[in-house]
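**Q** Once you've had a glance at the structure underneath, I'll fire off some questions.
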Amino acid sequence: MNEPLPPSRDWRAQVSDLASEGDVNLSPLRLAWEAENVGAATRALLDADNEHFLHQALSTPCFNALASCDGIWLTDVEGRRIMDFHGNNVHQVGYRHPHVIEAVKRALDTLPFSPRRYTNAAAVELAAALAGLMPKPLHKVLFAPGGTLAIGMALKLARLVTGRHKTLSLWDAFHGASLDAISIGGEAIFRKNIGPLLPGTEHAPPCDPRLCRFGCGDACNLRCAEYLDYVLGKEEDIGAVIIETVRSTDVQIPPPEYYRIIRDACDRHGALLILDEVPICLGRTGRMFAFEHYAIVPDMVVLGKGLGGGVFPLAALVARGDFDIAADRALGHYTHEKSSVGCAAALATLEVIANEHLLEASRALGAHALERLREMQRRHPVSEVRGIGLLLGIELGRDGRPASREAEQVMYHCLARGLSFKIGQGNVLTLSPPLIIAREELEHALDIIDAALSAVEAANAG
Ligand SMILES: Cc1ncc(COP(=O)(O)O)c(C=O)c1O
């Protein structure tokens, strides 16, 4: 490997006070990782990235540079292979799945773009396929080039359907980084000092035992869901409740009754229920859509990320058929609204999920991984493990407190051994491997995590 070069530091000094979460791009552990692992070729790309891109939290400055990806693997410019258990959640079918790539290449060779005044077969087939997978009455679709934009379309449509502009969403939620999305989102890193945000965006506490203000302890007592009912009753003019069905960044899985209470409250108070499944749709949780775990039907669902097969930016709003009321308005009007390439990628992705039985794989591999994590929990300072399908969270805690530094140490230890994952809320190791992963590969990744937990404990004790 090339000699590591020192990273440039001037911008880090300016922004170091923003380092609020564990998995940030500004921390001293990141610097140490770079010093050990980044060689000259990578350093040159990172420096060019620093020079040309606007810096922003959670991306530039980056810490490594990629040359290729394939299946569950990333390959960096220095030739190291890294299992990707993060992938920004675009990689349910893995990278460069041959069926997806073939469909994309075919679309590129025939119809690389479809101007908005025309439709195309791939877009129509994909809309029909998604409607076919959804329960009734969800069967009208609009595509957009990203999840944030699809959330924005849902917010507009909710206003038109209900005649109400107010929304109710959850603190700590993420629905995208645009101004409308951060208005309903609940993370300070996106909302701080950037307002004014949209008016009428009410917030309630999330279903998260750690943040719970309702005394639920380890298991949810559903008061958080009842509180949403209370707010809807108080305000009376809230048009929509927007929630991530399962919060992906730190794997928060509400109990089954949670959505029954909220669905019922929305119905009584005339509010729509919009579920954001941008990162967790298409099998991540072991079902095609996460709301299927809850035996309720939302009024709208927002899909994205993996919908584009790990190739193309594509998101979708799927809404009740009777919401098709906005023929004289523009809900989305995005240039790549019916991308022939994106829709071809998405259709191929749905085929791969069916042909390779990835929902079953997600459930079986996820259950096995959770069992192994529970066993690790007995041996390591892990306060909780959570999982649904192949979305798994390992919450690190010591003496009843979040172990954020240890979480970061474990992550960099794993990165140096070829496993990438994200940290949520500072101390949750969040694992979302491609659903095509082989059992041996999953075992190997869990071995790396197990060894990293031991190594970090030993290092901190020494
Ligand atoms: C829950 C959730 N909603 C919406 C979005 C926004 O999607 P996109 O980045 O495609 O705009 C994200 C992205 O991470 C997300 O996790």
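The values are calculated or read from the model by the stated rules, or taken from the named source; none is laboratory data. The structure presented is a predicted model; accordingly, all values stated were derived computationally and were not measured. Methodologically, a virtual Cβ is constructed for each residue, glycine included, from the backbone with ideal geometry; neighbour enumeration extends over all protein chains shown. Accessible surface areas use protein heavy atoms only, side chains included; no ligands, DNA or RNA. Shrake-Rupley method; radii C 1.70, N 1.55, O 1.52, S 1.80 Å.
**Q** Considering only residues that are open to solvent by 50 Å² or more (accessible area, probe 1.4 Å) and in a helix (DSSP H, G or I), which ones fall in segment 42-54? Steps first, please.
**A** Taking segment 42-54 as the starting set, the residues that turn out to be open to solvent by 50 Å² or more (accessible area, probe 1.4 Å) are 44-45, 47, 51-54.
If the condition is that a residue be open to solvent by 50 Å² or more (accessible area, probe 1.4 Å) and in a helix (DSSP H, G or I), then Ala44, Leu45, Asp47, Glu51, His52 are the ones that fit.
**Q** So, one more: Of all the residues that make up segment 27-39, how many are open to solvent by 40 Å² or more (accessible area, probe 1.4 Å) and either on the phi > 0 side of the Ramachandran plot or of a type in the set (Gly, Ala, Ser) (or both)?
**A** 2
**Q** So in segment 143-162, with the set limited to residues that are within 11 Å of the ligand (Cβ to nearest atom) and in a helix (DSSP H, G or I), which one is most open to solvent (accessible area, probe 1.4 Å)? Explain how you work it out, then say what you get.
**A** Keep residues of segment 143-162 that are within 11 Å of the ligand (Cβ to nearest atom), which gives 144-152, 154.
Those left that are additionally in a helix (DSSP H, G or I): 147-152, 154.
On the way: Gly147: 16, Thr148: 42, Leu149: 59, Ala150: 0, Ile151: 2, Gly152: 9, Ala154: 2 Å².
The qualifying residue most open to solvent (accessible area, probe 1.4 Å) is Leu149.
**Q** If you take the residues in segment 163-192 that are of a type outside the set (D, E, K, R) and surrounded by fewer than 18 Cβ atoms within 10 Å (Cβ to Cβ), which one is farthest from the ligand (Cβ to nearest atom)?
**A** Gly163
**Q** Next question, about the same structure. When you scan segment 227-238, do you find a residue that is within 14 Å of the ligand (Cβ to nearest atom) and in contact with a helix residue (DSSP H, G or I) (Cβ under 8 Å, 6 or more places away or on another chain), even just one?
**A** There is no residue in segment 227-238 that is within 14 Å of the ligand (Cβ to nearest atom) and in contact with a helix residue (DSSP H, G or I) (Cβ under 8 Å, 6 or more places away or on another chain).
**Q** Further, regarding this structure: Quick check on segment 123-142: of everything there that is part of a helix (DSSP H, G or I) and in contact with a Lys or Arg (Cβ under 8 Å, 6 or more places away or on another chain), which residue is nearest to the ligand (Cβ to nearest atom)?
**A** The first filter runs over segment 123-142 and keeps only residues part of a helix (DSSP H, G or I), leaving 123-133.
Of the ones still in play, those that are also in contact with a Lys or Arg (Cβ under 8 Å, 6 or more places away or on another chain) are 123, 131.
Numbers: Ala123: 18, Ala131: 21 Å.
Applying the filter and picking the extreme gives Ala123.
**Q** Could you grab me the full set of residues in segment 55-79 that are open to solvent by 60 Å² or more (accessible area, probe 1.4 Å), modelled with pLDDT of 95 or more and more than 11 Å from Ser420 (Cβ to Cβ)? I'd like the intermediate steps shown before the answer.
**A** Within segment 55-79, the subset open to solvent by 60 Å² or more (accessible area, probe 1.4 Å) is 55-56, 58, 66-67, 70.
Within this subset, residues satisfying the condition of being modelled with pLDDT of 95 or more are 66-67, 70.
Residues satisfying the conditions are Ala67, Asp70.
**Q** Take segment 211-257 and flag every residue that is assigned to a helix (DSSP H, G or I) and basic (Lys, Arg). Write out each step before concluding.
**A** Taking segment 211-257 as the starting set, the residues that turn out to be assigned to a helix (DSSP H, G or I) are 223-235, 256-257.
Listed by number, the residues that qualify are Arg223, Lys234.
**Q** Then there is this: Can you tell which of Gln425, Gln409, Gln377 is polar (S, T, N, Q), modelled with pLDDT under 95 and open to solvent by less than 60 Å² (accessible area, probe 1.4 Å)? Don't jump to the end; show me each part of the working.
**A** Values: Gln409 fails: modelled with pLDDT under 95; Gln377 fails: modelled with pLDDT under 95.
Of Gln425, Gln409, Gln377, the one residue that is polar (S, T, N, Q), modelled with pLDDT under 95 and open to solvent by less than 60 Å² (accessible area, probe 1.4 Å) is Gln425.
**Q** Residue check: is Glu384 touching an Asp or Glu at 6+ places or on another chain (Cβ under 7 Å) and open to solvent by 30 Å² or more (accessible area, probe 1.4 Å)? If you could, list the steps in order and put the result at the bottom.
**A** Numbers: touching an Asp or Glu at 6+ places or on another chain (Cβ under 7 Å): yes; open to solvent by 30 Å² or more (accessible area, probe 1.4 Å): yes.
Criteria met by Glu384.
**Q** Check Gly321, Gly306, Gly283, Gly342 and return the single one that is open to solvent by 10 Å² or more (accessible area, probe 1.4 Å) and either modelled with pLDDT of 95 or more or within 15 Å of the ligand (Cβ to nearest atom) (or both). Step through it out loud before you land on a result.
**A** Details: Gly306 fails: open to solvent by 10 Å² or more (accessible area, probe 1.4 Å); Gly283 fails: open to solvent by 10 Å² or more (accessible area, probe 1.4 Å); Gly342 fails: open to solvent by 10 Å² or more (accessible area, probe 1.4 Å).
Checking each option against the conditions leaves just Gly321.
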